[in-house]
Amino acid sequence: MATVTPSESRKKVNRIGLESKEYRGGKTTLCAGCGHNAISERIIGACYEMGVDPTMVVKLSGIGCSSKSPAYFLGESHGFNTVHGRMPSVGTGALLANQKLIALGVSGDGDTGAIGVGQFVHLMRRNLPIIYIIEDNGCYGLTKGQFSPTADLGSTKKTGVVNDLPPIDTCALAVELGATFVARSFSGDKKQLLAILKAALSHRGTAMIDVLSPCVTFNDHEGSTKSYSYAKDHDDPLEDISFVPFFEDISVDYEAGTTQAVSMHDGSTLYLTKLEEDYDPLDKLQALRVLTETRRRGEFATGLIYVEPDRDDFLTMLNIVDEPLADLSEDRVRPPKAALDEIVESLR
Ligand SMILES: Cc1ncc(C[n+]2csc(CCOP(=O)(O)OP(=O)(O)O)c2C)c(N)n1
Ligand code: SF4
Ligand SMILES: [Mg+2]
């Protein structure tokens, strides 16, 4: 019989008997201070606290630094790093094959808002049971910082190029298209993001979460004392072109109903407005109004913006059998010859 040492008996486990470390993945290769790393930590925390069985999770992503991040959490789960912007269709296939899976998707603002916008639009309409996180840094981090479709109008790149296109608000788009759970948070707001992720894990339907997540390496500009170029002039190791500067994680904690100004590494300021405690997320018109009004003031509304808890999800609507299609024997998924003959005969 195995003996249990005192330290083993003291290990903290969740409701399915797993320790927090069993929800971890590989070591991150993203830049230090990248908001995406903080989001991975919250995903680990939410799955641990909710007692999610990691072996029943399928992690899905597209292409980008954000889409690499599923490698850094839930190492025991299934994973599919799809083609750029094509996570929704692969996720749909995975859930049709096995509707017992918990689908957890991570995309980027480029992956979702540019090449993947067509798939995103239809995913939001269908209410597939999937958590769809956009790690939103306003740029294509992996390909060195080009503007993405969520970049603010008038924002500048370090080359001085000005973005002259208006941004897509993915939350407003998702609400408008019929998504049944729409939230926004900031990678550095541990408490709020954890709460939103836990709520998303309890939702049956598409849970779309836009998480503002600073790219510390490319989303910067000249003149800032915290910018890449400033650091480059003041730090010898930066002679090496492959050097990526080290930045501290940005962390915030602010009250419901207040606006918090957050200084970003590039010297710019992000204004986050937390929804009031008595805000009613069931009211769709109010959700769209709040998103529009905060955006006009140059702020981002954060919190659970909209939820419609009772709508049938896509798999229920399709009325497919409860058993995973992947487990059905061939005679149950393939009509016998006699049935096919009957159909052909009826068409004569
Ligand atoms: C079909 C295709 N087109 C273009 C690319 C180049 N590419 C790789 S990642 C990326 C954008 C990533 O941006 P985002 O989704 O915002 O992720 P981030 O790196 O900012 O986290 C692009 C355009 C690609 N890999 N595949
Ligand atoms: S380039 Fe930007 S988005 Fe990519 S890992 Fe570095 S900080 Fe994160
Ligand atoms: Mg991006």
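The values are calculated or read from the model by the stated rules, or taken from the named source; none is laboratory data. Small disclaimer: the values here were computed from a predicted structure and weren't measured. For neighbour counting, all protein chains shown are included, and Cβ atoms are generated from backbone atoms with ideal geometry for every residue, glycine included.
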Which of the residues belonging to the stretch 9-58 are surrounded by 12 or more Cβ atoms within 10 Å (Cβ to Cβ), small (Gly, Ala, Ser) and either more than 18 Å from the chain's Cα centre (by Cα) or more than 16 Å from ligand 3 (Cβ to nearest atom) (or both)? SER20, GLY25, ALA32, GLY45, ALA46, GLY51
Considering only the stretch 127-152, how many residues are surrounded by 23 or more Cβ atoms within 10 Å (Cβ to Cβ), among the hydrophobic types (A, V, I, L, M, F, W, C) and near ligand 1 (Cβ under 8 Å from one of its atoms)? 1
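Within the stretch 162-175, work out how many residues are in contact (Cβ under 8 Å) with a residue 12 or more places away in the chain and either assigned to a loop (DSSP other than H, G, I, E, B) or surrounded by fewer than 16 Cβ atoms within 10 Å (Cβ to Cβ) (or both). Full working, then the answer.
From the stretch 162-175, those in contact (Cβ under 8 Å) with a residue 12 or more places away in the chain are 163, 165-175; that's our starting set.
Keeping just the survivors that are either assigned to a loop (DSSP other than H, G, I, E, B) or surrounded by fewer than 16 Cβ atoms within 10 Å (Cβ to Cβ) (or both) gives 163, 165-169.
Qualifying residue count for the region: 6.
Only one residue in ALA207, ALA174, ALA183, ALA199 is more than 16 Å from ligand 3 (Cβ to nearest atom), at pLDDT below 95 and on the phi < 0 side of the Ramachandran plot. Which one?
Details: ALA207 fails: at pLDDT below 95; ALA174 fails: at pLDDT below 95; ALA183 fails: at pLDDT below 95.
Exactly one of ALA207, ALA174, ALA183, ALA199 is more than 16 Å from ligand 3 (Cβ to nearest atom), at pLDDT below 95 and on the phi < 0 side of the Ramachandran plot, namely ALA199.
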So for the stretch 132-149 (the condition being out of contact with any strand residue (DSSP E or B) (no Cβ under 6 Å at 6 or more places or on another chain), outside any loop (DSSP other than H, G, I, E, B) and more than 16 Å from ligand 2 (Cβ to nearest atom)), does at least one residue qualify? no
THR159 fails exactly one of (1) under 19 Å from GLY64 (Cβ atoms); (2) modelled with pLDDT under 90, namely (1)
Any hit, the stretch 141-149, residues being modelled with pLDDT of 95 or more and within 29 Å of GLY45 (Cα to Cα): yes
Can you name every residue in the stretch 110-157 that is under 14 Å from the mean Cα position of the chain (by Cα), hydroxyl-bearing (Ser, Thr, Tyr) and within 13 Å of ligand 3 (Cβ to nearest atom)? THR112
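So which of GLY110, GLY116, GLY91, GLY85 ends up being of a type in the set (Gly, Ala, Ser), under 20 Å from VAL175 (Cβ atoms), at pLDDT 95 or above and buried (at least 24 other Cβ atoms within 10 Å of the Cβ)?
Numbers: GLY110 fails: under 20 Å from VAL175 (Cβ atoms); GLY91 fails: under 20 Å from VAL175 (Cβ atoms); GLY85 fails: under 20 Å from VAL175 (Cβ atoms).
That would be GLY116, the only listed residue that is of a type in the set (Gly, Ala, Ser), under 20 Å from VAL175 (Cβ atoms), at pLDDT 95 or above and buried (at least 24 other Cβ atoms within 10 Å of the Cβ).
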Result of the Cβ filter at 8 Å on the stretch 112-131, keeping first residues that are under 20 Å from PRO309 (Cα atoms) and partners that are modelled with pLDDT under 95 and basic (Lys, Arg), at least 6 apart or interchain, is ASN127/ARG311; PRO129/ARG204
